[in-house]
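Quick notes on the structure that follows.
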Amino acid sequence: MAASLTASEVIAALRAEGVRVVEVGNWRTHNRNSKGPWGPVNGSIVHHTVTKGTAATVAMVRDGYASLPGPLCHGMIAKDGRVHMVGWGRTNHAGGGDPRVLDQVIAESYGTRPTPPTKGNANGVDGNARFYGWECENLGDGKDPWPKAQYDAIVRVQAALCRTHGWSAKSVIGHLEWSNDKVDPRGFTMSKLRSDVAERLKHPASWNPNEEDPMAGITKRDIFDAVWKTDAMTPPEGRATPENPTWAPESVLRDAASYATRAEAAAVRVEAAAARIEAAVTRLADGS
């Protein structure tokens, strides 16, 4: 169990994890605290919205609708990966759920997924008091795609919460794992999401696996070919090869001499620049 993060703390945690955050209106004080407790928190629940269009979805999860007042989550993760913060405190996102699942989340004691819930939204324990909630823009039909930017943001959001609270990825569940009358999120498995969150938690919050590694996919043979063939350097045997028949020892020596000459000229230029700077400093000191 843990006290919930403050609005400032969660924003700091999300941004440290590389999440692009959009703060919507008075989200820091927009909540349902007057209707029940908020905390202690034990985990985070991932949902899908069954909507299309970011602006309309943000409005819906912030304001709710006739039978369910907003906010309906803490943040809405859009298709482009931006996280729109719409409320902080108690929100109408989880509803009732299985107390056995809550116990497993608190203890982080289950395998790849919690015991299938037997209680639903109407007869379970109050999840709105015990979980952070994240709605994700998706039709939930199993066909609407989950863009890479969006899925990456879902992973980062959950990792940010787990990292800050000291939780493992097993503190993250799907709505379908909380209540037996829910199917969300649909389109990826929670075991896969937890695996990706766990991998992220092995690295610093600043880790960015999407940055292209300049050495990714390059083998020792690729390096050999680049050095000995493409760059026409001396082969290990000290002689020409079929791939580089024009190689000659003197060509390498000429290249080396050329590099040395250019380096010497650069050193002279640096020395001259240093002398000019020293002279200018002397003039300033003399008041001239």
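Near the amide H of GLY127, within less than 5 Å, lie the amide hydrogens of GLY95, GLY96, GLY97, all on another chain or at least 5 residues away, with H placed in the peptide plane. Dividing the mean sequence gap of close Cα pairs (under 8 Å, 6+ apart) by how many residues segment 63-166 holds gives a relative contact order of 33 percent. Here the accessible area of segment 15-97 is 54 percent carbon and sulfur, with a 1.4 angstrom probe and all protein chains present.
For segment 131-163, the residues whose amide N sits under 17 Å from a probe point set 7 Å from the Cα of TYR65 along the beta carbon direction are 135-141. In terms of its C-alpha gyration tensor, segment 120-204 comes out oblate, because a/c is 1.5 or above while a/b does not outweigh b/c. For the peptides 176-187, 16-27, 86-97, residues were scored by their other Cβ atoms within 10 Å and the scores averaged per peptide; the highest-first order is 86-97, 176-187, 16-27.
Amide H contacts under 5 Å for VAL22: VAL83, HIS84, MET85, restricted to partners 5 or more places along the chain or on a different chain, H placed in the peptide plane at 1.01 Å from N. Extension gain, ALA56-ASP103: 0.36 nm per intervening residue step, less the Cα-Cα distance, totals 13.3 nm.
In segment 73-154, what percentage of the DSSP-assigned beta bridges are antiparallel, given to the nearest 5? So the antiparallel bridges amount to about 60 percent of the total. Close amide H pairs (under 5 Å, H built 1.01 Å from N) link GLY43 with TYR132, residues at least 5 positions away or on another chain. Scalar couplings 3J(HN,Hα) for segment 31-47, obtained by applying the Karplus form with A = 6.51, B = -1.76, C = 1.60 to θ = phi - 60°, are 7, 10, 4, 6, 9, x, x, 10, x, x, 8, 10, x, 9, 10, 9, 10 Hz; x denotes Gly and Pro. A simple rule links phi to the HN-Hα coupling: the Karplus curve 6.51 cos²θ - 1.76 cosθ + 1.60 with θ = phi - 60°, which for segment 106-116 gives 4, 7, 6, 10, 9, x, 6, 7, x, 4, x Hz, with x for Gly and Pro. Rolling a 1.4 Å probe over the heavy atoms of the protein chains gives segment 55-170 an accessible area of 36 Å² per residue.
Using θ = phi - 60° in the Karplus curve 6.51 cos²θ - 1.76 cosθ + 1.60, the 3J(HN,Hα) couplings for segment 262-272 round to 5, 5, 5, 5, 5, 5, 5, 5, 5, 5, 5 Hz; x is entered for Gly and Pro.
Neighbours of ARG32 by Cβ distance under 12 Å: Lys/Arg scored +1, Asp/Glu scored -1, total +1.
The values are calculated or read from the model by the stated rules, or taken from the named source; none is laboratory data. All values reported here derive from a predicted model rather than from experimental measurement. All Cβ positions, glycine included, derive from the backbone under ideal geometry; neighbour counts span all protein chains shown. Note: areas computed on protein heavy atoms with side chains; ligands, DNA, RNA excluded. Shrake-Rupley method; radii C 1.70, N 1.55, O 1.52, S 1.80 Å.
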